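First comes the structure, then the notes that go with it.
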Amino acid sequence: MGEEGTKGTVHLLCLAASSGVPLFCRSSRGGAPARQQLPFSVIGSLNGVHMFGQNLEVQLRSARTEDTTVVWKSFHDSITLIVLSSEEGTSELRLERLLQMVFGAMVLLVGLEELTNIRNVERLKKELRASYRLIDSFLGDSELIGDLTQCVDCVVPPEGSLLQEALSGFAEAAGTAFGSLVVSGRVVAATESWWRLGTPEAVLLPWLVGSLPPQAARDYPVYLPHGSPTVPHRLLTLTLLPGLELCLLCGPRPPLSQLDPQLLDRWWQPVLDPLRACVPLGPRALPAGFPLHMDILGLLLLHLELKRCLFTVEPSADQEPSPEHRRRLLRAFYTLVTASHFPPEPGSPEEKVEDAAQRSQVPRACYLVSGPEEPGTGWRLVALQSGPRRLLLLSAQSPTHALRGLATHTLHALTPLL
């Protein structure tokens, strides 16, 4: 298993499907934004071969060379996205989902009407600049994983019921049913209506908040790619503590000025200590002191029906490998088991209709050993599927025969949280 995201370069191209005019090109190298641009002749060739296939009623989805993977995807016969990756171990699944997230980000900040009915290319280019920061965060080495899993990155606060009560009360007082608390791009708590947001906006909205520079308050126009792609809403954000933001999704009302300090103090001052406990939860995801086996170096827990996930590489942080390396290992393992072993998530484009006999034969667990099998050397990854939950673990010390037991015990402990 290659470590997805190791070194290499990623180029993302966006073109008008009818004319082939490039709308933007974004690049990253080694997980960091890069200024490197592809020559226009290369862009034209990549788009030309895709259009050639379309004219012959052939859908060109992907191609591989010795060191590069290319994926094409058209949206509404208006926008063509092309991604090229020379990163080691890059999977087509990861690139396909990247393109879905990128188009979702474009709709979120520009609106579907502007993208499907292009009247002025130069104006559209300028409007799309607003999405660059969000799109670049997908190309880099993010601490989040919702771009790949298409599930909302969450954290588990130590006093979640108190925060939930305060959030519901504040949202009602502000005149909206959609509210959430977000720390470092991860959802701490949300109202029932916020959790009912469809994909991809449920993933994109907290990711957008986490990607923006710190600000005391924002009034941000957004479209909902699934729920309202042509009519804009307002995303109001208020910083309660450094790194912890209150988000409200609403229509023309309330004005931002209505959310005055007195209203904030009334609902949030009584829960100030629980709020402070949420700030360090970002990369940790789990409450301090949560009992995890000492062999666990990282985990990813998904609830496939709720479309939420917990992702952390903080356990035993003083041990090798580094957090970046752990994230790459778990991301690569997720793409492997999702593409090859476990059935696709409900509602995903990869989902296919299978008969009952086939479904009864899908695996419930798998593991992978990277490096020597002797205890204390190499890395061990195990995935376990149980009902709507899927758990992926990274371990360095556990012997192979103990991996399933470790995963089963950990899943049992995590189940009440998600």
message: Looking only at residues that are charged (D, E, K, R) and out of contact with any strand residue (DSSP E or B) (no Cβ under 6 Å at 6 or more places or on another chain) in the stretch 169-201, which one is farthest from G282 (Cα to Cα)?
response: E172
message: Filter the stretch 369-402 down to the residues that are open to solvent by less than 30 Å² (accessible area, probe 1.4 Å) and at pLDDT 90 or above and list them by number.
response: R380, L381, V382, A383, L384, Q385, R390, L391, L392, L393, L394, S395
message: So the check is Cβ under 8 Å with 6+ separation or different chains; which pairs have a first residue in the stretch 404-415 that's at negative phi and a second one that's open to solvent by 70 Å² or more (accessible area, probe 1.4 Å) and not in a helix (DSSP H, G or I)?
response: R404/Y367; L406/H293; H409/H293; T410/H293; A413/P291
Subset of the stretch 105-141 [outside any helix (DSSP H, G or I) and without any contact (Cβ under 8 Å) to a residue 24 or more places away in the chain]: R119, N120
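If we scan the stretch 153-160, do we find a residue that is farther than 27 Å from P343 by Cβ, hydrophobic (A, V, I, L, M, F, W, C) and surrounded by fewer than 21 Cβ atoms within 10 Å (Cβ to Cβ)?
Looking for residues that are farther than 27 Å from P343 by Cβ, hydrophobic (A, V, I, L, M, F, W, C) and surrounded by fewer than 21 Cβ atoms within 10 Å (Cβ to Cβ), one finds none in the stretch 153-160, hence no.
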- request: Quickly run through the stretch 322-336 and pick out the residues that are farther than 15 Å from E88 by Cβ and in a helix (DSSP H, G or I).
  value: P323, R326, L330, Y334
statement: Taking first residues from the stretch 55-72 that are under 12 Å from L99 (Cα atoms) and second residues anywhere that are assigned to a strand (DSSP E or B) and open to solvent by 80 Å² or more (accessible area, probe 1.4 Å), the pairs with Cβ under 8 Å that are 6 or more apart or on different chains are V70/R64
message: I'm told S168 meets every condition in (1) of a type outside the set (A, V, I, L, M, F, W, C); (2) at pLDDT 95 or above; (3) within 28 Å of C278 (Cα to Cα); (4) open to solvent by less than 20 Å² (accessible area, probe 1.4 Å) except one. Can you identify the failing condition by its number?
response: (4)
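Go through A288, A216, A202 for me and flag whichever is touching a helix residue (DSSP H, G or I) at 6+ places or on another chain (Cβ under 9 Å), open to solvent by 60 Å² or more (accessible area, probe 1.4 Å) and not charged (D, E, K, R).
Being touching a helix residue (DSSP H, G or I) at 6+ places or on another chain (Cβ under 9 Å), open to solvent by 60 Å² or more (accessible area, probe 1.4 Å) and not charged (D, E, K, R) holds for just one of A288, A216, A202, which is A288.
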message: Which numbered condition in (1) surrounded by fewer than 20 Cβ atoms within 10 Å (Cβ to Cβ); (2) without any contact (Cβ under 8 Å) to a residue 60 or more places away in the chain; (3) touching a helix residue (DSSP H, G or I) at 6+ places or on another chain (Cβ under 7 Å); (4) not small (G, A, S) is the only one that P39 fails?
response: (3)
Segments classed as strands (runs of 3 or more DSSP E), wholly inside the stretch 199-259, with at least 2 members that are free of Cβ contacts under 8 Å to residues at least 12 places away in the same chain and over 26 Å from L272 (Cα atoms): 228-241
query: How many residues are at pLDDT 90 or above and part of a loop (DSSP other than H, G, I, E, B) if we restrict to the stretch 296-321?
result: 5
query: Being surrounded by 20 or more Cβ atoms within 10 Å (Cβ to Cβ), touching a Lys or Arg at 6+ places or on another chain (Cβ under 7 Å) and within 30 Å of G378 (Cβ to Cβ), is that true of even one residue in the stretch 268-282?
result: yes
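The values are calculated or read from the model by the stated rules, or taken from the named source; none is laboratory data. Since the model is a prediction, treat every value here as computed from it, not as a measurement. Reconstructed Cβ throughout: ideal geometry from the backbone, glycine too, with neighbour counts over all protein chains shown. Keep in mind that these areas ignore ligands, DNA and RNA; they rest on the heavy atoms of the full protein, side chains included. Shrake-Rupley method; radii C 1.70, N 1.55, O 1.52, S 1.80 Å.
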